[in-house]
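Novice: Before I ask anything, let me first share the structure, which is written out below as structure tokens.
Please treat every number below as a calculation from the coordinates, not as lab data. Everything numeric here is computed off the predicted structure, so don't read it as measured data. Cβ placement follows ideal geometry from the backbone for every residue including glycine, while neighbour counts extend to all protein chains displayed.
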Amino acid sequence: MSVNYDVIIAGCGAAGLYAAINLPSELNILILCKRELSLCNSSLAQGGIAGVYNSPNDNIQYHQNDTLIAGSFKNNVDAVHTLVSEAAQDIEHIIDLGVEFDKKPDGTYHRTLEGGHSHHRIFHHADATGKEITTTLLENVQKLPNVTIMENTMMCSVKKTSTGYSALLKDIEENYTTANCHFMILATGGIGRVYQFTTNSAIATGDGITFAFEMGAKIKNLSYVQFHPTAFNNRATRECFLISEAVRGEGAYLLNCHKERFMHNYDERLELAPRDVVSHAIILESRKQNSTDFYLDISYKDSEFLKNRFPMIYKNLLDQGYDLTKEPVPIFPCQHYLMGGIDVDRNSETSLPNLYACGECSHTGVHGSNRLASNSLLEALVFSRHAANDIASKAASAPKDFEEAEFDPHIGAPHIPKGVRTETRKIMQNSYFVIPDKKAAAEGFKRVKEIREDLLSGGYLVDADYVLAKSIVTVAYIILSEVME
Ligand SMILES: Cc1cc2nc3c(=O)[nH]c(=O)nc-3n(C[C@H](O)[C@H](O)[C@H](O)COP(=O)(O)OP(=O)(O)OC[C@H]3O[C@@H](n4cnc5c(N)ncnc54)[C@H](O)[C@@H]3O)c2cc1C
């Protein structure tokens, strides 16, 4: 079976949904979501969305400077300028669409502070901003008659055709469909599941990056991986619950195994240094103390304030046996975000014509080597709108027909060998976690290359296990090859 659409968007997070909202209503659009609609990194965002919008004491130059400093000036300055100067427009748009941000008693917006920001400029919905944004965007998209949403439908492979792109799709009942389009937007999110410990949801396996890489699109700075310093440390689960930077923004202290503050030995910005600096400091302190016991302590603050400001974090930690209003909470860094990705221009177009990428899978260059907190939801909105506008400008001259590529899902062929994902995750955790280990990376690369070659040539059944394993291994392969350069 096959279907044709003007635009296919792979991904139902903030980037994919906002692209659909901004595309012209006369285009026939398909949005794919490989698991449940609510499962994505966007809906996990706690801290908020950064932006200078009706802020008398702040300005876009300050926001730009903070972004460049956090990114070690490895950012694309033009892209950063676009990000900060267009923030107001998209924040206002999502408010008009129904997103509610917290307000102060005088009716003005409450803006919080996070590491690396010189001004209070983070708009938030308590500590569940991502859920508020994605739920509202989804409600709006579900009302659009020109948009079809396919939940639990995985894009398994993509090929370029003479009229655009063809994709092999697989639904939850293992039915395969070919979908053809003139324009494709990859908005498939991050790569957290390439690591043993991450804050990311189960969907974050780098599928879009893998499809783009396989088609020959340019991938840039995939080794720019962000490790968040304060994930709750229960030393067990793969998906680590994040304790937002906003908790440090409200004054939390970082403590070592002796329950002593230590950041003054590493950076004058103390707990509010950018994430990479704090994660590095924790790893160096852990080597010095020979202990991985670290804590976040905000128990000295008013407990009612903390319960109202961080209701979701408070409840989640309580469920895990910790009361943040009364005691220090165990934390440790883990994988959190990808700054690199599929390289795009300022229209969010990749190096392949009519193939777009936005959100976490893309590399716009705004983040440099380290993302400033709360700039990623903003990037997802601003640059998915750019993709939508560029497609709108080209749609009239798109071909009238749809060429269809051939795919072979190897029905009846064997499944991939067991343990591929676990082995790759261990390699990444041991060789490239906060402070890279070049020797381990070189050894890991050899093994990852072997596994990848086997997956590509083994003739295995193209099921979900295969697609996810191939993505994880391909992302690890690209990251480690960059680390060894
Ligand atoms: C715990 C946590 C807290 C965060 N807090 C903040 C914050 O406070 N502020 C901030 O700015 N950023 C924050 N971030 C980062 C931010 O949430 C993400 O970078 C951003 O939301 C990514 O959006 P996205 O649309 O690119 O991807 P996602 O929201 O992850 O969406 C990806 C979509 O792609 C789909 N998909 C993937 N592969 C396929 C496939 N093969 N076929 C079909 N569909 C596919 C998935 O099903 C999903 O719908 C946080 C991230 C995490 C994990």
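Novice: Under 26 Å Cα-Cα from residue 426, which lysines qualify once same-chain neighbours fewer than 8 residues away are excluded?
Specialist: Answer for residue 426, where 26 Å is the Cα cut-off: 34, 220, 288, 418, 438, 439, 446, 449, 470, listed by chain and number.
Novice: With just the Cα atoms defining each centre, how far is the stretch 57-80 from the stretch 217-277? Give it in Å.
Specialist: First find each Cα centre; the distance between them is then 20 Å.
Novice: To make sure I understand the rule: partners must be lysines, Cα under 23 Å from the Cα of residue 394, and not fewer than 8 residues away in the same chain. Which ones qualify?
Specialist: Once the sequence-local lysines are set aside, what remains near residue 394 is 159, 160, 218.
Novice: Also, quick follow-up: Can you put 443, 245 in order, fewest other beta carbons within 10 Å first?
Specialist: Details: 443 15, 245 29.
So the ranking, lowest neighbour count to highest, is 443, 245.
Novice: Which helices, taking whole DSSP H runs in the chain, have alpha carbons extending 18 angstrom or more along the helix axis plus mean Kyte-Doolittle at least 0.0? Provide the component values of the computation, followed by the final result.
Specialist: On the way: long enough: 77-97 (30 Å, 0.49); 129-142 (20 Å, -0.34); 275-289 (21 Å, -0.35); 376-394 (27 Å, 0.29); 438-457 (28 Å, -0.77); 464-483 (28 Å, 1.38).
Counting only whole DSSP H runs, the qualifying helices are 77-97, 376-394, 464-483.
Novice: Reachable lysines from residue 307, Cα under 17 Å, same-chain residues fewer than 8 places away excluded?
Specialist: Those lysines meeting the cut-off are 103, 104, 315, 326.
Novice: On to the next question. Computed FRET efficiency, Cβ-Cβ of residue 461 and residue 38, R0 25 Å: what is it to the nearest 0.05? Please list the in-between numbers first.
Specialist: Numbers: r = 28 Å, r/R0 = 1.13.
According to the calculation, E is roughly 0.30.
Novice: Further question: How large is the direction-averaged shadow of the alpha-carbon convex hull of the stretch 1-153, in nm²? Present the calculation step by step, with values, prior to reporting the outcome.
Specialist: Numbers: hull surface 42.4 nm².
Convex hull of Cα atoms, orientation-averaged projection: 10.6 nm².
Novice: Given the Cα-Cα distance of residue 152 and residue 319 and 0.36 nm per residue of separation, how much length would full extension add, in nm?
Specialist: 57.2 nm is the gain from fully extending residue 152 to residue 319.
Novice: Additional query: Give me the dipole magnitude in Debye, nearest 20, for the stretch 231-333 about the Cα centre, with unit charges on the beta carbon: positive for Lys and Arg, negative for Asp and Glu. All intermediate terms of the calculation are to be shown ahead of the outcome.
Specialist: Values: 14 positive and 16 negative charges, 34 e Å.
Dipole about the Cα centre, nearest 20: 160 debye.
Novice: Further question on the same structure: Based on the mean of other Cβ atoms within 10 Å per residue, sort peptides 132-140, 96-104 so the most packed one is first.
Specialist: Working: 132-140: 20.7, 96-104: 13.8.
Highest to lowest by the protection proxy: 132-140, 96-104.
Novice: Kirkwood hydrodynamic radius (Cα pairs, Å) of the stretch 231-333? If you can, show how the numbers build up before the last one.
Specialist: Values: mean 1/r = 0.0722 Å⁻¹.
After inverting the pairwise mean of 1/r, the radius is 13.8 Å.
Novice: Next up: Under Stokes-Einstein, with the Kirkwood radius over Cα pairs standing in for Rh, what whole-number D in µm²/s applies to the chain at 10 °C and 1.306 mPa s?
Specialist: Details: Rh = 22.7 Å.
Diffusion coefficient, whole number: 70 µm²/s.
Novice: Moving on to the next point. Grab the beta carbon distance between residue 236 and residue 260, set R0 = 30 Å, and tell me the FRET efficiency rounded to 0.05. Please list the in-between numbers first.
Specialist: Working: r = 26 Å, r/R0 = 0.87.
The formula returns an efficiency of 0.70 here.
Novice: Another question, then. Kindly list the residues of the stretch 352-375 that lie in the label zone of residue 485, defined by a backbone N under 19 Å from the point 7 Å along the Cα-to-C-beta vector.
Specialist: 352, 361-371
Novice: Hey, what's the Kirkwood Rh for the stretch 46-128 if you take every pair of different alpha carbons, in angstrom? Numbers along the way, then the final one.
Specialist: Numbers: mean 1/r = 0.0754 Å⁻¹.
Over the stretch 46-128, the inverse of the mean reciprocal pair distance is 13.3 Å.
Novice: Would you mind computing, in nm to one decimal, how far apart the modelled labels at residue 396 and residue 2 are, each placed 7 Å from Cα along Cα→Cβ?
Specialist: Spacing of the two 7 Å Cα→Cβ label points: 2.9 nm.
Novice: Given a Förster distance of 25 Å, report the FRET efficiency between residue 305 and residue 267 from their Cβ-Cβ distance, rounded to the nearest 0.05.
Specialist: Values: r = 27 Å, r/R0 = 1.07.
Calculated transfer efficiency: 0.40.
Novice: Under 14 Å from a label point 7 Å along Cα→Cβ of residue 449: give me every residue in the stretch 465-485 with its amide N that close.
Specialist: The answer is 477-485, whose backbone nitrogens lie closer than 14 Å to the label point.
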